[in-house]
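The values are calculated or read from the model by the stated rules, or taken from the named source; none is laboratory data. It should be emphasised that the depicted structure is a prediction, and the values quoted were computed from it without experimental measurement. Reconstructed Cβ throughout: ideal geometry from the backbone, glycine too, with neighbour counts over all protein chains shown. All accessible areas refer to the heavy atoms of the entire protein, side chains included, with ligands and DNA or RNA removed. Shrake-Rupley method; radii C 1.70, N 1.55, O 1.52, S 1.80 Å.
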Amino acid sequence: MDLCLQLAAQGRLTTAPNPMVGAVVVQGDEIVGQAYHRAAGESHAEVLALAQAGERARGSTLYVNLEPCCHHGRTPPCAPRVVEAGLARVVLGTLDPDTRVQGGGLQWLRTAGLQVDGCPPAWFERCLDLNRTFFHSALRQRPFVTLKYAMTLDGRVATESGDSRWITGTAARQQVHQERSAHQAILVGSGTALQDDPHLNVRGIPGAAQPIRVVADRRGRLSPQARLFNSPGGPIWIGYGPLAEQSWREQMADAGGELFEAPDLTSLLSHLYAQGIRSLLVEGGPRLAGAFFDQNLVQRMLVYTAPILVGAAQAPGPLAGQGVALMSRAPRLKRVRWENLADDFVLDGELEDSWRSACLPVPEIAT
């Protein structure tokens, strides 16, 4: 299963909106087939591994980190192919939460007489960690949201005058570009777009994928002269609200933006999900970050902290919004990891993980 996860992770930048899946076929003590799913529309990992094993798949064991599908999508279902290969046993990491599967693949295999086993809890958790973007989006019908910001040691994201460049050093900023390349879309609000005039692209990583650049602009304030429209990068999507005038919308379209109506964050996330977006990196200012926080729409926090002090009571912090009134009600991050990047520190943790409780391990056969 460790090899399955290593193989699956090779598709990290190419499989979305599909999950990352690896498969290993073992005959006795010998690996006779191994593969991973490369991209949506291409063959699934199980099919590729079984094809590599050929006749040696008969009587063997298949290890795969996600339940084989049992429905027709862009490719034929995998469960029948697993049965046809003549396997004796299948070891699954997790069930598939997709409504078209949800145990259907497991039932197909067991009905055909195959022995199907699950993994110990620690491995089940590792399988969830690898595909948390997929699991969350399948269960919640919206993208997995990572909220990222950089702050000073005293919790400021800018000086009182609004200056914010640069808080962190080169190593931290380079890692942010890696994070951008690992997400399908990146989001800022119109305030950040106006004040910082960002490119919102990936730089310094040759051949890296460019995320879709999304601006939440309910009032229609973005300028057609913004650097977004004059720098290389992914497509530009603009979510507007009822106050955005028709003339402004026409200007945005002429500048190269793709507009969609999104009066609130819920409708914005729903639209992104409908367009196939499963991972969203939010890099907006305090107001947008606070709105995501207040509405419990953030699954992961990525916080860069620099050892510098700004002071000033009016210097902004990273989260605006309503917040919490009592410390006892403040949410605590889980699965927290700290990393040192030169003089800076980065915290990586999960803020909202209720989707995990809805993910099921492979059930044992009732006796």
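Carbon-plus-sulfur fraction of the accessible area of region 262-340, 1.4 Å probe, in percent?
Values: 2260 of 4260 Å².
C and S fraction of accessible area: 53 percent.
How much accessible area per residue does region 74-152 have, in Å², with a 1.4 Å probe?
41
Which distance in Å, rounded to a whole number, links the C-alpha centroids of region 308-353 and region 277-307?
Cα centroid to Cα centroid, the span is 10 Å.
I'd like to know which of GLY104, SER231, MET1 lies farthest towards the positive end of the charge dipole of the chain, counting +1 on Cβ of Lys and Arg and -1 on Cβ of Asp and Glu.
GLY104
Give me the accessible area per residue for region 1-41, probe 1.4 Å, as a whole number in Å². Spell out each step's value before the answer.
On the way: 1770 Å² over 41 residues.
Ligands and nucleic acids excluded, the result is 43 Å² per residue.
How big is D, in µm² s⁻¹, for region 214-367 by Stokes-Einstein at 4 °C and 1.567 mPa s if Rh is the Kirkwood radius over C-alpha pairs? Intermediate values should be presented prior to the final figure.
Numbers: Rh = 18.7 Å.
Rounded to a whole number, D works out at 69 µm²/s.
Rank VAL47, VAL310, VAL90 by mean-square fluctuation in a GNM of the chain with C-alpha springs under 10 angstrom and give only the top-ranked residue.
Its mean-square fluctuation being the largest, the pick is VAL310.
Quick one: accessible area per residue over region 225-319, 1.4 Å probe, rounded to a whole number of Å²? Please report the intermediate quantities before stating the final value.
On the way: 4240 Å² over 95 residues.
In whole numbers, region 225-319 has 45 Å² accessible per residue.
Show ASP29, ASP154, ASP343 ordered by accessible area, largest first, where the area counts protein heavy atoms only and the probe is 1.4 Å. Show your work: numbers first, answer last.
Numbers: ASP29 165, ASP154 50, ASP343 115 Å².
Listed by decreasing accessible area, they come as ASP29, ASP343, ASP154.
Of all the accessible heavy-atom surface of region 1-86, with the other protein chains kept in place and a 1.4 Å probe, what percent is carbon and sulfur? All intermediate terms of the calculation are to be shown ahead of the outcome.
Numbers: 1770 of 3740 Å².
That fraction is 47 percent.
When a/c reaches 1.5 or more, the comparison of a/b and b/c decides; with that in mind, is region 64-137 rounded, prolate or oblate per its Cα gyration tensor?
Working: a/c = 2.26, a/b = 1.26, b/c = 1.80.
Because a/c hits 1.5 or more and a/b fails to exceed b/c, region 64-137 counts as oblate.
Run lengths n ≥ 4 of DSSP H only: what is the helix-derived mean residue ellipticity at 222 nm for the chain, with -39500 (n - 2.57) per run over all residues, to the nearest 500? Can you show the working numbers first?
Details: 11 runs with 99 residues, N = 367.
Helices in the chain give a 222 nm mean residue ellipticity of -7500 deg cm²/dmol.
Using +1 at the C-beta of Lys and Arg and -1 at the C-beta of Asp and Glu, which of ALA150, CYS127, THR168 has the Cα lying farthest in the positive direction of the dipole of region 102-218?
Of ALA150, CYS127, THR168, it is CYS127.
What number comes out for the charge environment of VAL47, summing +1 per Lys or Arg and -1 per Asp or Glu over other residues with Cβ under 15 Å away?
On the way: positive: ARG38, ARG74, ARG81; negative: GLU42, GLU46, GLU67, GLU84.
Charge balance in the 15 Å sphere: -1.
Order 232-245, 66-79 from most to least packed using the mean count of other Cβ atoms within 10 Å.
On the way: 232-245: 17.6, 66-79: 20.1.
Final packing ranking: 66-79, 232-245.
For a Förster distance of 45 Å, can you work out the FRET efficiency between the beta-carbons of GLN210 and THR159, rounded to the nearest 0.05? Before the final figure, lay out each step's value.
Numbers: r = 31 Å, r/R0 = 0.69.
So the FRET efficiency works out to roughly 0.90.
Given the Cα-Cα distance of GLN102 and HIS71 and 0.36 nm per residue of separation, how much length would full extension add, in nm? Let's see the in-between values first.
On the way: separation 31, 0.36 × 31 = 11.16 nm, distance 1.09 nm.
Stretched out fully, the GLN102 to HIS71 stretch lengthens by 10.1 nm.
Let me spell out the model: positive unit charges on the Cβ of Lys and Arg, negative unit charges on the Cβ of Asp and Glu, origin at the Cα centre of the chain. What dipole size does that give, in debye rounded to 20?
Numbers: 34 positive and 36 negative charges, 37 e Å.
Here the chain has a charge dipole of around 180 debye.
Rounded to the nearest 20 debye, what is the charge dipole size of region 160-249 about its Cα centre when +1 sits on each Lys and Arg Cβ and -1 on each Asp and Glu Cβ? List each step's numbers first, then the result.
Values: 10 positive and 7 negative charges, 40 e Å.
Using Cβ point charges on Lys, Arg, Asp and Glu, region 160-249 gives about 200 debye.
Quick check: from the Cα gyration tensor, does region 256-338 come out rounded (a/c under 1.5), prolate or oblate? Don't jump to the answer; show the numbers that get you there.
Values: a/c = 1.77, a/b = 1.61, b/c = 1.10.
Prolate.
Are there GluC sites (Glu not before Pro) in region 322-367 that DSSP puts in a loop and that have at most 10 other Cβ atoms within 10 Å, and which ones?
Counting only loop positions with at most 10 other Cβ atoms within 10 Å, the GluC sites (Glu not before Pro) in region 322-367 are GLU364.
Note down the nm distance, to one decimal, between modelled labels 7 Å out along Cα→Cβ at GLU55 and at ALA312.
7.7
Give me the three principal axis extents of region 202-278 from the C-alpha atoms, as integers in angstrom, largest value leading.
Ordered largest first, region 202-278 gives principal extents of 40, 29, 14 Å.
Please list, in order, the residues from region 231-257 whose amide nitrogen is less than 16 Å from a point placed 7 Å along the Cα→Cβ vector of HIS199.
Once the point is set 7 Å along Cα→Cβ of HIS199, 231-236 turn out to lie under 16 Å by backbone N, inside region 231-257.
Taking all protein chains in place and a 1.4 Å probe, what share, in percent, of the accessible surface of region 105-189 do carbon and sulfur account for?
Details: 1810 of 3600 Å².
Answer for region 105-189: carbon and sulfur cover 50 percent of the accessible area.
For region 182-236, what class follows from the C-alpha gyration tensor (a ≥ b ≥ c being the square roots of its eigenvalues): rounded when a/c is under 1.5, otherwise prolate if a/b is larger than b/c, else oblate? Walk me through the intermediate numbers first.
Details: a/c = 2.39, a/b = 1.77, b/c = 1.35.
Prolate.
Once the other residues with Cβ under 15 Å from the Cβ of ILE205 are scored (Lys, Arg +1; Asp, Glu -1), what is the net sum?
Numbers: positive: ARG12, ARG173, ARG180, ARG203; negative: GLU179.
So the surrounding residues net to +3.
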